[in-house]
């Protein structure tokens with residue numbers, strides 16, 4: 001089985017943070033500037049990669065630094081190896 005990409009791991013971390021905060025994907029997708037809610041849902045489902053500006057916007061909505069989400073994703077990868 002192929003290892004998830006960094007983008008996929010970051011999306012998984014975003015979804016985990018949403019769950020921790022008891023937020024829905026929809027509560028975020030409607031508030032990301034420059035991306036339709038439908039496209040953002042696809043990105044948060046892992047169908048399309050997030051770009052850095054989108055990551056920054058989502059992180060801000062979650063009250064978490066983008067680098068924290070990336071660091072958590074990288075940590076999960078190290079633990080899985």
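Bear in mind these aren't lab numbers, they're just calculated from the coordinates by the rules spelled out. From a predicted model like this one, the values you see are computed outputs, not experimental measurements. Please note: Cβ atoms are built from the backbone with ideal geometry, for glycine as well, and neighbour counts cover all protein chains shown.
Report, to one decimal in Å, the Kirkwood hydrodynamic radius for the range 37-78 based on all distinct Cα pairs. Mind showing how you got there, number by number?
Numbers: mean 1/r = 0.0917 Å⁻¹.
Across the range 37-78, the inverse of the average 1/r is 10.9 Å.
Per-residue ellipticity at 222 nm for the chain, helices alone: DSSP H runs ≥ 4 residues times -39500 (n - 2.57), over residue total, nearest 500 deg cm²/dmol?
Numbers: 5 runs with 54 residues, N = 81.
For the chain, the value works out to -20000 deg cm²/dmol.
What ranking, highest mean first, results for peptides 29-40, 57-68, 9-20 when packing means the other Cβ atoms within 10 Å averaged over each residue? List each step's numbers first, then the result.
Working: 29-40: 14.4, 57-68: 16.1, 9-20: 18.1.
The most tightly packed comes first, giving 9-20, 57-68, 29-40.
Relative contact order of the chain, please, whole-number percent, based on alpha carbon pairs below 8 angstrom and at least 6 residues apart. All intermediate terms of the calculation are to be shown ahead of the outcome.
Details: 62 pairs, mean separation 29.6, N = 81.
Over the chain, the number comes to 37 percent.
Could you list, bin by bin from short to long, the percent of Cα-Cα pairs of the chain in 10 Å steps?
19, 57, 22, 3
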